[in-house]
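As structure tokens, the structure follows; a few thoughts come after it.
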Amino acid sequence: QVQLVESGGGLVQAGDSLRLSCSVSGRDLNSYHVAWFRQPPGEEREFVATIRWFGDWTYYADSVKGRFTITRDTAKNMVYLQMNSLKPEDTAVYYCAATFGVATTESKYYRNWGQGTQVTVSS
């Protein structure tokens, strides 16, 4: 079982940057991928980015590629999402999640979730 706690959300203007943090705890983390998802108001939850805990492999949604960067610090058990050039359409509740084994962009395969942090981007 993995526990995740997000922080770092807030209200920013279009073009600004923001860094989200996810504290990760649990056993056998090397067997997990950690991902960021987001849920815009009135919409379905969508994949943003994922990173393999062991080896640093990453994958991004097309909508954030080149603007967002996912990293992890294994010494601190933290995963970060650096978000640059934010747009109003990035407004959403951002969730950190973990899945055991194979990487996936589908939320249904993630059994461990944080509580979410709100990101609001004004135009």
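Data for the structure
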quantity: Cut-off of 10 Å, at most 11 other beta carbons, DSSP loop: longest stretch of the chain lacking such trypsin sites (Lys or Arg not before Pro); calculated: 28-64
quantity: Cα-based reach from Lys65 at 16 Å (exclusive), listing lysines while leaving out same-chain residues under 8 positions away; calculated: Lys87
quantity: Within-9-Å neighbourhood charge of Ser107 [Cβ basis; K, R +1; D, E -1]; calculated: -1
quantity: Glu46 long-range amide H proximity, modeled H, under 5 Å; calculated: Arg38, Gln39
quantity: Cut-off of 10 Å, at most 12 other beta carbons, DSSP loop: longest stretch of the chain lacking such GluC sites (Glu not before Pro); calculated: 45-105
quantity: Neighbourhood net charge (13 Å Cβ-Cβ; Lys/Arg +1, Asp/Glu -1) for Pro40; calculated: -2
quantity: Total charge dipole magnitude, the chain, about the Cα centre, Cβ charges on Lys, Arg, Asp, Glu only, Debye to nearest 20; calculated: 280 debye
quantity: Projected label distance in nm at Met78 and Glu44, using a 7 Å step from Cα toward the beta-carbon; calculated: 3.4 nm
quantity: Backbone N under 16 Å from the Glu89 label point (7 Å along Cα→Cβ), restricted to region 100-123; calculated: 121-123
quantity: Within the chain, percent of DSSP bridges classed antiparallel, to nearest 5; calculated: 90 percent
quantity: Under Karplus coefficients 6.51, -1.76 and 1.60, residue-wise ³J(HN,Hα) of region 16-28 in Hz, glycine/proline x; calculated: 6, 10, 8, 10, 8, 10, 9, 7, 10, 9, x, 9, 6
quantity: Sites Asp16 and Glu106, calculated FRET efficiency, Cβ-Cβ separation with R0 22 Å, nearest 0.05; calculated: 0.15
quantity: Along each principal axis, Cα extent of region 19-96, largest first, Å; calculated: 36, 24, 18
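Values quoted throughout were computed directly from the atomic coordinates according to the rules given, and no laboratory measurement underlies them. Please read all numbers here as calculations on a predicted model, not as lab measurements. Note: ideal-geometry Cβ built from the backbone for every residue, glycine included; neighbour counts use all protein chains shown.
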